[in-house]
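The values are calculated or read from the model by the stated rules, or taken from the named source; none is laboratory data. Values in this document were obtained by computation on a predicted structure and should not be read as measured data. FYI the Cβ positions are ideal-geometry reconstructions off the backbone, even for glycines, and counts take in every protein chain you see.
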Amino acid sequence: MLTEFAAGFALSFSLILAIGAQNAFVLRQGLRRAHVGTVVAVCCISEGILIFSGVAGFGALAEAAPWAIEAMRWGGAAFLVGYGLKSLRAAWAATEALEAGGPAEQGLGAAVATTLALTWANPHVYLDTLGLIGAVATTYGPARWMFGSGALAASVLFFVLLGYGARALAPLFARPMAWKLLDALVGVTMLALAAKLALGG
């Protein structure tokens, strides 16, 4: 059982490690110390639903309805363009709005909505969880649930470390210029991911 758990953990961690829209948002919330627990919880719950849906065999559903994946691809690209442009505008905003520990840019509801959108509007999350993790899980037979548990454990650990570990970078982000650079990086990352989605990458 530990072997299956470790295999699921390793696969999930390798998939989630790449910098993406969701990760960038969690990092930014962690640096601002804004609704971190809620944002991390939403990410973890979403990952749990997706991973165990894949383990349960719902990957076949995505294959049966490719139009849904296509719709999510364009919807996700549009959302990323909007969020990317917003981040680039923030990079040029007044410095006092960028100070670490300042007031949160978003209320709790808006932060939750953004987290859900960045998670569920990204077609790649379905390919990773419903598709890849779900497909690999089937090779473990009855032990696939332990494999899924390992995959979820990796996601939970990653988001907790990303959200709360960001505080270690707080001294660096005490300067407004660091926030400007972060916003610019997030904006460029979002736009690049949008282009990748639009081009079918």
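Summary table
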| quantity | calculated |
| --- | --- |
| Number of the exception - residue 91 against (1) touching a Lys or Arg at 6+ places or on another chain (Cβ under 6 Å); (2) surrounded by 21 or more Cβ atoms within 10 Å (Cβ to Cβ); (3) at pLDDT below 80 | (2) |
| Given (1) at pLDDT 75 or above; (2) surrounded by 16 or more Cβ atoms within 10 Å (Cβ to Cβ), number of the condition residue 181 does not satisfy | (2) |
| Residues (loosely packed, with under 14 Cβ neighbours inside 10 Å, modelled with pLDDT under 75 and assigned to a helix (DSSP H, G or I)) located in the stretch 94-142 | 95, 96, 97 |
| Count - residues of the stretch 1-36 that are free of Cβ contacts under 8 Å to residues at least 12 places away in the same chain and over 26 Å from residue 77 (Cβ atoms) | 2 |
| Residues of the stretch 16-49 satisfying the condition of being surrounded by 16 or more Cβ atoms within 10 Å (Cβ to Cβ), aliphatic (A, V, I, L, M) and more than 13 Å from residue 156 (Cα to Cα) | 21, 24, 27, 31, 34, 36 |
| Lone unmet requirement of (1) more than 21 Å from residue 27 (Cα to Cα); (2) outside any loop (DSSP other than H, G, I, E, B); (3) at pLDDT below 85 for residue 201 | (2) |
